[in-house]
Amino acid sequence: SAVISQKPSRDICQRGTSLTIQCQVDSQVTMMFWYRQQPGQSLTLIATANQGSEATYESGFVIDKFPISRPNLTFSTLTVSNMSPEDSSIYLCSVQWAGAPTEAFFGQGTRLTVV
Amino acid sequence: SQQGEEDPQALSIQEGENATMNCSYKTSINNLQWYRQNSGRGLVHLILIRSNEREKHSGRLRVTLDTSKKSSSLLITASRAADTASYFCATDDGTASKLTFGTGTRLQVTL
């Protein structure tokens, strides 16, 4: 497996501001995903980050609130826009390799607190 | 929502005991996977069982799958303090592209 680096690991932000989370993989991957884990809850898929095109969002998530970029096969960003306290969660980057198509590998997550 | 449910929500055992966690899901699946999460950090893949399999072992882990009941169980034998974590089941559609996670079980192993 490869190394997945997610930055920042945690942040405390003011409501109304935006935060961009980075996910860097040390090898090329086929797919990259972003998940949200609200306090004490399970993981929910936000979107699939597509290289060179718009991300594919799951029901309940929209591009204006969670813009995603994926300029190449090793890097993606998730922005949480116009934040409110309800956005306080752990945001996780996940990747999939062609050699292990049924296994997801996760970054260490970004713990976001909005005050 | 297809999200599965796990029980118990929380489990506290002593080191050396076995821990059993159960997962139920709602729709047909291709694979069911179990992940571990330490202290709200990233998830670590533990084991995958395919829909045509009934039981699988990996070290101290034993997973069973009953597709007729849409349920799975994870057994950790001879637990250790280092096993303290949250455990999630996740179902997929044949790739990792659409993982749907269960609600999770928080396991506490005490000395």
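What follows draws every value from the coordinates through simple rules; no lab data is involved. Computed from a predicted model, the values in this text were never measured in an experiment. In this analysis, Cβ positions are derived from the backbone assuming ideal geometry, glycine residues included, and neighbour counts consider all displayed protein chains.
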Handout entry: Descending principal axes extents, the protein assembly as shown, alpha-carbon based, whole Å
Key = 47, 36, 32
Exercise for the section: Treating only the Cβ atoms of Lys and Arg (+1) and Asp and Glu (-1) as charged, compute the dipole magnitude of chain B about its Cα centre; round to the nearest 20 debye. Expected result: 160 debye
Fill in the blank from the handout: Once amide hydrogens are built 1.01 Å from N within the peptide plane, the residues lying 5 or more places from B:Asn30 or on another chain with amide H under 5 Å from its amide H are B:Asp92, B:Gly94
Problem - Positive dipole terminus of region A:1-77, leading residue within A:Ala49, A:Ser18, A:Val3 (C-beta point charges) - result: A:Ser18
Practice task
Enumerate the calculated ³J(HN,Hα) couplings along region A:41-52 in order (Karplus 6.51 cos²θ - 1.76 cosθ + 1.60, θ = phi - 60°), each rounded to whole Hz, writing x wherever the residue is Gly or Pro.
Solution key: 10, 8, 8, 10, 6, 7, 6, 9, 8, 9, 5, x
Exercise for the section: Take peptide A:42-53, look around each residue's Cβ out to 10 angstrom, count Cβ atoms belonging to other protein chains, and average those counts. Expected result: 3
Exercise for the section: Can you tell me the dipole magnitude for chain A around its Cα centre, using point charges on the Cβ only (Lys, Arg +1; Asp, Glu -1), in Debye to the nearest 20? Expected result: 220 debye
Handout entry: Using a Förster distance of 25 Å, the FRET efficiency for A:Glu58-A:Val3 (Cβ separation, nearest 0.05)
Key = 0.40
Fill in the blank from the handout: For region A:13-30, Karplus-derived ³J(HN,Hα) couplings (6.51, -1.76, 1.60; θ = phi - 60°; whole Hz; x for glycine and proline) come out as 10, 7, 4, x, 8, 10, 10, 9, 9, 10, 10, 10, 10, 8, 8, 6, 10, 7
Practice task
Would you please report the Å³ per residue occupied by the convex hull of the alpha carbon atoms in chain B?
Solution key: 92 Å³
Completion exercise
Given B:30-38, A:25-33, the highest-first ranking by average Cβ count within 10 Å works out to B:30-38, A:25-33
Fill in the blank from the handout: For B:Lys69, counting only lysines whose alpha-carbon sits under 27 Å away and dropping same-chain residues fewer than eight positions off, the answer is B:Lys26, B:Lys56, B:Lys98
Practice task
Name the residues whose placed amide hydrogens come within less than 5 Å of the amide hydrogen of A:Asn50, ignoring near sequence neighbours (fewer than 5 apart) on the same chain.
Solution key: A:Ala55, A:Thr56
Handout entry: Solvent-free Debye scattering, log10 I(q)/I(0), computed from the Cα coordinates of chain A at q = 0.10, 0.19 Å⁻¹
Key = -0.26, -0.95
Problem - Sequence-distant aspartates and glutamates (8 or more away, or on other chains) whose Cα lies within less than 16 Å of B:Lys70 - result: B:Glu5, B:Glu6, B:Asp7, B:Glu53, B:Glu55, B:Asp92, B:Asp93
Problem - Residue mean of other protein chain beta carbons inside 10 Å, B:31-37 - result: 2
Practice task
Starting from region B:1-102, pick out the GluC sites (Glu not before Pro) whose DSSP state is loop and whose Cβ has at most 15 other Cβ atoms within 10 Å.
Solution key: B:Glu15, B:Glu17, B:Glu53
Fill in the blank from the handout: Of every Cα-Cα pair in region A:60-115, the percentage lying beyond 15 Å is 60 percent
Practice task
Can you tell me the FRET efficiency between A:Ile12 and B:Ser39 if r is taken as the Cβ-Cβ distance and R0 is 22 Å, rounded to the nearest 0.05?
Solution key: 0.75
Problem - ³J(HN,Hα) computed for each position of region A:99-115 - Karplus, 6.51 cos²θ - 1.76 cosθ + 1.60, integer Hz, glycine/proline x - result: x, 9, x, 9, 10, 9, 10, 10, x, 7, x, 10, 8, 9, 10, 10, 10
Exercise for the section: Pop a pseudo-label 7 angstrom from the Cα along the beta-carbon direction at both B:Thr110 and A:Thr79 and give the gap in nm to one decimal. Expected result: 4.9 nm
Problem - Inter-label distance for B:Gln9 and A:Gln24, nm, one decimal - labels placed 7 Å from Cα along Cα-to-Cβ - result: 4.0 nm
Practice task
List the residues whose amide H sits under 5 Å from the amide H of B:Ile47, counting only those 5 or more places along or on another chain, with H placed 1.01 Å from N in the peptide plane.
Solution key: B:Trp34
Practice task
Sort by residue number and name the cysteines in the protein assembly as shown that have no neighbouring cysteine Cβ under 4.7 Å.
Solution key: A:Cys13
